[in-house]
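Structure record follows, encoded as structure tokens.
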Amino acid sequence: FALNIARNVSKVHKTLFFSLEMSKLQLMQRLVCMESDLLLSKMRERNFNKWDWKKVLDGADLLQDLNLFVDDNSFITISDIRAKAILCQDVELIVIDYLQLISSEKKFSNRVSEVSEMTRRLKVLAKELDIPILCLSQLSRASEQRTDHRPMLSDLRDSGSIEQDADIVLMLYRKSMYEDKKFADEDESCDCIIAKNRHGEAGTCILKFDPQFSKFQ
């Protein structure tokens, strides 16, 4: 979902994507599939016919027009993110995947304090650079223990400061992950739950998710 946002924004605005979990190659493979409608399974297996190769080349050509910069350093701090954003110049969106993997610059007595410090510094950085920062976060497994599996703000992992410092909190819920797994390879709806919106209303937007191309619409 975050990669879809970065892709769309970078068509017009310079976007800096910090991927602490996935490599540049993995991200580029997904982007090529989004741009060319090539099956993600074929990309993973490198099982191409001549028409697939044309899709790959066409998708790669389209990626050249994106104003997207990817940093896949797995060991990065908030100071590193700030320095690279300033060095990149005129960045208009920062995406971080994901919060709990950011390296701390000092020792804390507990994980809650550590994550709270990170969210506060990201909030200050967004204000300093005057740009949005989209930061992904892990959830606890509490939603899987409930009858209604829809994620809630209380499911945010490690610290209540994530909810406190964020202007907007979006959570995704796909019913098929729990009830209709036999249809997991088909187009399906995905609820984008606006759990918090400091500047507007909360609610739910219905998205279309195509798992074959890892694409949201």
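Structure values in brief
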item: Count - residues of segment 201-214 that are out of contact with any strand residue (DSSP E or B) (no Cβ under 6 Å at 6 or more places or on another chain) and at negative phi; result: 6
item: Residues within segment 154-174 that are open to solvent by 40 Å² or more (accessible area, probe 1.4 Å) and either out of contact with any Ser or Thr (no Cβ under 7 Å at 6 or more places or on another chain) or at pLDDT 90 or above (or both), tallied; result: 10
item: Looking only at segment 74-123, and only at residues there that are among the β-branched types (Val, Ile, Thr) and modelled with pLDDT under 90, the one that is surrounded by the fewest Cβ atoms within 10 Å (Cβ to Cβ); result: 112
item: Residue match in segment 37-48 (condition: within 20 Å of the chain's Cα centre (by Cα), surrounded by 16 or more Cβ atoms within 10 Å (Cβ to Cβ) and more than 16 Å from residue 134 (Cβ to Cβ)); result: yes
item: Of all residues making up segment 49-73, the number that are open to solvent by 50 Å² or more (accessible area, probe 1.4 Å), in a loop (DSSP other than H, G, I, E, B) and of a type in the set (A, V, I, L, M, F, W, C); result: 0
item: Only listed residue being surrounded by 20 or more Cβ atoms within 10 Å (Cβ to Cβ), part of a helix (DSSP H, G or I) and within 18 Å of the chain's Cα centre (by Cα), chosen from 25, 16, 31; result: 31
item: Restricting segment 127-153 to residues that are within 21 Å of residue 178 (Cα to Cα) and among the basic types (Lys, Arg), the residue that is modelled with the highest pLDDT; result: 150
item: Cross-chain or 6+ apart pairs with Cβ under 6 Å, segment 153-171 first and of a type in the set (Asp, Glu), then buried (at least 18 other Cβ atoms within 10 Å of the Cβ) and at pLDDT below 90; result: 158/115; 163/156
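The values are calculated or read from the model by the stated rules, or taken from the named source; none is laboratory data. Keep in mind it's a predicted model, so treat the numbers as computed, not measured. When we count neighbours, we look across all protein chains shown, and the Cβ atoms used for this are built from the backbone with ideal geometry, even at glycine. To get the accessible areas, we keep the full protein, side chains included, count just its heavy atoms, and leave off ligands, DNA and RNA. Shrake-Rupley method; radii C 1.70, N 1.55, O 1.52, S 1.80 Å.
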